[in-house]
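What follows is a single structure, written as structure tokens, with notes after it.
The values are calculated or read from the model by the stated rules, or taken from the named source; none is laboratory data. Since we're looking at a predicted model, the values are computed, not measured. Ideal geometry is used to build each Cβ from the backbone, glycine not excepted, and the neighbour counts take in all protein chains shown. The protein model used for the area step is the full one, side chains on, heavy atoms only, and it has no ligands, DNA or RNA in it. Shrake-Rupley method; radii C 1.70, N 1.55, O 1.52, S 1.80 Å.
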Amino acid sequence: MITVKNLCKEFKNTDGTVTKVLKGINYEINKGEKIVIVGPSGSGKSTFLRCLNLMERPTSGQVIFDGVDITDRKVNINEVRERMGMVFQNFNLFNNLTVMQNIILAPVKLGIMTESEAKEKAKQLLERVNLLDKADVYPASLSGGQKQRIAIVRSLCMNPEVILFDEPTSALDPEMVGEVLDVMKKLADEGMTMVVVTHEMGFAKEVATKVLFVDEGNILEENTPKEFFENPQSKRLQDFLSKVL
Ligand code: ADP
Ligand code: MG
């Protein structure tokens with residue numbers, strides 16, 4: 001479904017120097033896979049996700065999505081983003097819109113659904129995450145766990161082919177992590193293709209088809225969860241796991 005070829009991303013600093021964040025990543029994600037990405041802070045995990053859906057334009061290399069190189073300037077970026085959902089650490093809900101307005105904004109504005117179709121779909125999705133009663137409230141009145149479940153629903157309302165999650169539980173109070181992970185597990189069981197950056201190693205063990213260790217802009221290790229956690233090859237991964245497990 002997604003093939004990443006020699007993906008590099010550099011940022012130019014104000015003093016003219018260049019920070020190389022991604023240093024030639026190669027990877028292939030098949031339909032239905034659940035890829036979990038772990039690694040130290042600042043290693044390039046968010047940048048990698050953002051390059052996948054072109055929120056960041058790669059400096060070089062290719063991202064091939066369903067056979068099309070989406071880094072080609074001729075490709076419509078908005079169309080790509082419609083097909084690749086993204087869920088952020090800080091929810092990114094619009095605080096001046098109700099839950100329902102948040103969910104239907106993109107599909108209606110982009111002409112994918114009529115307002116009544118979008119509302120109908122939103123209701124079904126809200127019901128699935130047990131938040132139908134929150135349709136008409138504003139995000140400020142929700143807990144972090146509720147906000148993140150709404151953000152997932154908003155992403156799902158676009159019928160994406162894959163969803164990218166960037167530390168979806170990192171901003172939550174501990175007692176709310178489980179309710180968000182449960183929604184993600186349900187999605188995984190239903191066959192959704194998912195790429196998840198997370199520090200939740202239990203989720204990785206239970207749900208991942210593959211776990212990637214990203215360190216200093218490279219994929220240093222890639223394995224099934226069992227091998228990844230029981231038999232880490234590099235000293236870097238062994239050290240990392242000894243700190244997080
Ligand atoms: P992670 O998600 O693994 O913590 P990031 O992808 O956010 O790492 O960041 C990797 C590196 O890239 C960091 O050193 C960060 O400071 C740098 N970086 C990320 N985004 C930008 C940007 N827009 N401009 C400059 N540097 C950036
Ligand atoms: Mg990050």
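Values computed for the structure shown
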{"read-out": "Solvent exposure of the chain as accessible area per residue, Å², 1.4 Å probe", "value": "48 Å²"}
{"read-out": "Cα point-scatterer Debye curve for the chain, base-10 log of I(q)/I(0) at q = 0.10 Å⁻¹", "value": "-0.49"}
{"read-out": "Under-5 Å amide H pairs with Phe165, H placed in peptide plane, nonlocal only", "value": "Val87, Val195, Val196, Val197"}
{"read-out": "Cα gyration tensor shape of region 43-112, rounded if a/c is under 1.5, else prolate or oblate by comparing a/b with b/c", "value": "oblate"}
{"read-out": "Simple label model, 7 Å out from Cα along Cβ direction - Met1 to Asn26, nm", "value": "2.3 nm"}
{"read-out": "Solvent-accessible surface ranking, highest first, for Lys45, Lys134 at 1.4 angstrom", "value": "Lys134, Lys45"}
{"read-out": "Entries in Lys12/Lys235; Lys31/Lys123; Lys210/Lys235; Lys31/Lys235; Lys45/Lys185 that, when Cα-Cα distance is taken, lie over 25 Å", "value": "Lys12/Lys235; Lys31/Lys123; Lys31/Lys235"}
{"read-out": "Cα-based convex hull, region 1-129, per residue volume (Å³, whole number)", "value": "163 Å³"}
{"read-out": "DSSP bridge pairs, region 2-242: antiparallel proportion in percent, nearest 5", "value": "55 percent"}
{"read-out": "GNM result for the chain, Cα springs below 10 Å: residue of Ile112, Ile103, Ile70 fluctuating most strongly", "value": "Ile112"}
{"read-out": "Under-5 Å amide H pairs with Val137, H placed in peptide plane, nonlocal only", "value": "Val99, Met100"}
{"read-out": "Carbon/sulfur fraction of accessible area - region 2-242, other protein chains in place, 1.4 Å, %", "value": "46 percent"}
{"read-out": "Extended-chain gain in nm, criterion 0.36 nm per residue less alpha-carbon gap, Asp239 and Ser141", "value": "31.2 nm"}
{"read-out": "Efficiency of FRET from Cβ geometry, Glu120 and Ser60, R₀ 41 Å, rounded to 0.05", "value": "0.40"}
{"read-out": "Pairwise centroid distance, computed over Cα atoms, of region 1-77 with region 177-223, Å", "value": "18 Å"}
